[in-house]
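Here is the structure we will look at, set down as structure tokens.
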Amino acid sequence: MKHCTTALTIEDHFCPDCGDNIENLVTIKSVIALHPDMIDDLKVHCPDATIYTGWVEKTHHYKRRYKSRGSHSETLYYSYWFLTLNNENGEQKTISISSEDSSLDRVAKDDIITILMPTNYSANHPLADKDDAKTVTHNELAPVVVFHRDSGQESIREPGYRVDGFSKANIFFNAFIFCCIVGFAGLYFEVYPFKLGALLTVIVTIIIGSIWSSHRTKVFEAETARLAEIKKTTKRILGVSIDDMGYEQRARKAKKDDVFCPHCDALNDSQHRYCSSCGALQANDMVDELVSAASVTSNGQDMTHSLTEAGSRSIEPVPSSRRITRQEKILQTCHPFIMSNESDYIHKHVLVSNFPAQLAVTLDL
């Protein structure tokens, strides 16, 4: 979004080119704000499903340890990121995501991520390093993660929602074995004759097998439908880009020569004529330039919005205090804590004569 020529961000209240007040402020919208019905179908299968979109503020890489049992036990390590996220509403979230996938080796601050939580999901293996417990404050793990990058979207999904197949023949066979064991126990204690026991075994096998098979079929169909809906929702999220949400306008990229406004102390691009936070003119040497440019083009037909606005309103010089850069601001803030002290003393020797010297102590940045 632009007002004149400079692209605006959500932090801008005034146009940095002409100083006009921005009536329609730039806004960013999350996936769920753009598509309110994004997880409605998923909630049919997962009533507690949630979705969160935000940017990465902090990252911490750590590992969890799993040790298998048995005579040939081995120790396996799994890598994770513990992320601190924030969004346009100021809702902060901390969560772990797997870093076993190669695409997650480059998680960085300001990355845009959507977390889909169909159900509660946790990483239960113990931490490999106990010191990580100071940062990793809980075990919540994101089962579905979508990265929104300039190059496109990519996603990962934990294997916890994988659907395991089953065989009805195995179910009836296991039911038959169970009934045979019970049937032989009845014959051993002479509860019933052999023929009756065999008949009961067959009947009970059919009943138990049918019930067990019916239950397992319903579970399988429910899990399959849930997984299909998770994949469908993930695919919809993958169709939402940074541009769609407006996250590329979240903040202006910092530059080394950025300067602080002498009026409101907001940080601005050194090339901007006006402060995007308070609308004040940023340098006295710009006043003459704007007035002369406006007077030259005031009678012409082809003039930019910036110069037209500059010529149509009074332009007041900024205070004599000049704008300062980031480095100057740091030095100004830290100056009271900078210490310098010098003292004279006599440097004494055993074999040669003593001589006066000076000891200087400086505490600086």
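The values are calculated or read from the model by the stated rules, or taken from the named source; none is laboratory data. Treat the numbers as computed from the prediction; the structure is a model and nothing was measured. Glycine also receives a Cβ, built like all others from the backbone with ideal geometry; neighbour counts cover every protein chain displayed.
Residues of region 252-271 being among the charged types (D, E, K, R) and out of contact with any strand residue (DSSP E or B) (no Cβ under 9 Å at 6 or more places or on another chain), which ones? Talk me through it step by step, then tell me what you get.
In the first step, residues of region 252-271 are kept if they are among the charged types (D, E, K, R); the result is 252-253, 255-258, 265, 269.
Once the filter is applied, which keeps residues that are among the charged types (D, E, K, R) and out of contact with any strand residue (DSSP E or B) (no Cβ under 9 Å at 6 or more places or on another chain), region 252-271 yields LYS253, LYS255, ASP265.
Within region 232-239, is there a residue that is surrounded by fewer than 16 Cβ atoms within 10 Å (Cβ to Cβ), touching a residue at least 40 places away in the same chain (Cβ under 8 Å) and more than 30 Å from VAL26 (Cα to Cα)?
Yes, region 232-239 contains at least one residue that is surrounded by fewer than 16 Cβ atoms within 10 Å (Cβ to Cβ), touching a residue at least 40 places away in the same chain (Cβ under 8 Å) and more than 30 Å from VAL26 (Cα to Cα).
Cβ-Cβ under 9 Å, sequence separation 6+ or interchain: first residue in region 60-73 and closer than 26 Å to VAL136 by Cα, partner among the hydrophobic types (A, V, I, L, M, F, W, C) and loosely packed, with under 15 Cβ neighbours inside 10 Å. Which pairs?
Qualifying pairs under 9 Å: ARG65/LEU76; TYR66/LEU76; LYS67/LEU76; SER68/LEU76.
Can you list residue pairs whose Cβ atoms sit under 7 Å apart, with the first residue in region 206-223 being in the same structural domain as CYS180 (by TED's automatic domain parsing) and the second being among the polar types (S, T, N, Q)? Count only pairs 6 or more apart in sequence or on different chains.
Close Cβ pairs (under 7 Å, with a partner that is among the polar types (S, T, N, Q)) do not exist here.
Scan (1) in contact with a Lys or Arg (Cβ under 6 Å, 6 or more places away or on another chain); (2) touching a residue at least 40 places away in the same chain (Cβ under 8 Å) for the single condition TRP55 breaks and write down its number.
Here TRP55 meets the rest and fails (1).
LEU127 versus (1) farther than 30 Å from ARG250 by Cα; (2) in contact with a Leu (Cβ under 8 Å, 6 or more places away or on another chain); (3) of a type outside the set (D, E, K, R): which is the lone unmet condition?
Unmet condition: (2).
Has region 85-107 got at least one residue that is over 29 Å from ASP41 (Cβ atoms), surrounded by fewer than 17 Cβ atoms within 10 Å (Cβ to Cβ) and either outside the structural domain of ASN139 (by TED's automatic domain parsing) or under 10 Å from the mean Cα position of the chain (by Cα) (or both)?
no
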